[in-house]
1. LYS202: which lysines have alpha carbons under 22 Å from its alpha carbon, excluding same-chain residues fewer than 8 sequence positions away?
2. How far is it, in nm, from the label point at ASN94 to the one at ARG59 when both lie 7 Å from their Cα along the line to the Cβ?
3. Can you give the log10 of the normalised intensity I(q)/I(0) at q = 0.10, 0.16, 0.17 Å⁻¹, computed with Debye over equal Cα scatterers of segment 28-180?
4. Match the structure shown to one of the listed values (1) 54, 44, 34; (2) 118, 53, 35; (3) 86, 46, 36 of Cα extents along the principal axes in Å, computed from it, and give that label.
5. Which of THR230, GLY242, LEU199 sits closest to the plus end of the dipole of segment 141-268, meaning its Cα is farthest towards the positive end, when Lys and Arg get +1 and Asp and Glu get -1 on the C-beta?
6. Can you tell me the 0 to 90 degree angle between the C-alpha axis of helix 2-30 and the longest principal axis of the chain, rounded to 10?
7. Between LYS50 and VAL248, what is 0.36 nm times their sequence separation minus the Cα-Cα distance? Round to one decimal in nm.
8. Normalised by the residues of segment 115-209, what does the relative contact order come to in percent, with Cα pairs under 8 Å and at least six apart?
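Computed from the coordinates by the stated procedures, all read-outs in this text should not be read as laboratory data. Being a predicted model, the structure only gives us computed values, none of them experimental. Here Cβ is always computed from backbone atoms with ideal geometry, including for glycine, and neighbour counts include all displayed protein chains.
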Amino acid sequence: MKRFHLVSLVLMLLLFANCTKAQNVTIEQNKDVLLWSDEFNGTGLPDPAKWGYEVGFVRNSEKQYYTLNRTQNVRQENGCLVIESLKEDFQGANYTSASINTLDKTSFNGDIRVEVSAKLPEGKGIWPAIWMMGINRKQVGWPKCSELDIMEFVGHTPDKVFGTLHWWDSTSTEVNMHKSKGSNLTYTDLHTVFHVYSLERKGNTISLFIDGKNYLTFSAPVTAYANTFTGPLYLLLNTAIGGSWGGVIDDSIFPQKFLIDYVRVYRL
């Protein structure tokens, strides 16, 4: 009798295990497909097979020099990517920082979701960003390549995160035919807690999220440049200092660290 109960128990456990396994398979099949990721679990510089660099003085009258392959400014550490901005004299600049991107490494097509878990630096003059542009930037220029700012923070506007979409539009009155659409959310723990900043693209519609909360959805108008928002995109992570939006710099805030726990890109 005891042997019968033991066999019955084993059979029940096997059946339960099989049901659980079948259920897990179904759940996995319903998940979005992970296309590309970086968990930053290594040490030293970020993976050169995934990331390249912008170098020097790049745009927006910013005051930092973006360095190349310099662990003082960008490195993997304790399971995070660290972009560190420093007050120092370097190559004619008074500040250094880093800007890394996937251009000529990996581009993202079709319907996708991009998720970046990050903790932000703070202080007047600091300007971290998570963003994407079309890989046709070199051919057609900005803003025809479109620019999708998943997250921007400027230290002179504490506790507020901005998301903005930029594109070329035939109805624009600006010299470069630029138009934009943006929104923002307020958080009091941007510099102490990791938040997940996300972008979803479905067709020519872009949606932005923070921790799953949608705060901007916009579709490219018919007056936009051909294939606006729909072409292959590359990803950028950087911290700027000063410049056209960063503004006046408080030197007492340095050093500042922009921490990225992971980057994940899914097929929707």
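1. By straight Cα distance, LYS202 reaches LYS31, LYS144, LYS179, LYS181, LYS213.
2. 2.4
3. -0.42, -1.11, -1.24
4. Identified label for the calculated read-out: (3).
5. Farthest towards the positive pole: THR230.
6. The angle comes out at about 30 degrees.
7. Working: separation 198, 0.36 × 198 = 71.28 nm, distance 3.35 nm.
Between LYS50 and VAL248, full extension yields an extra 67.9 nm.
8. Details: 182 pairs, mean separation 27.6, N = 95.
In percent, rounded to a whole number, it is 29.
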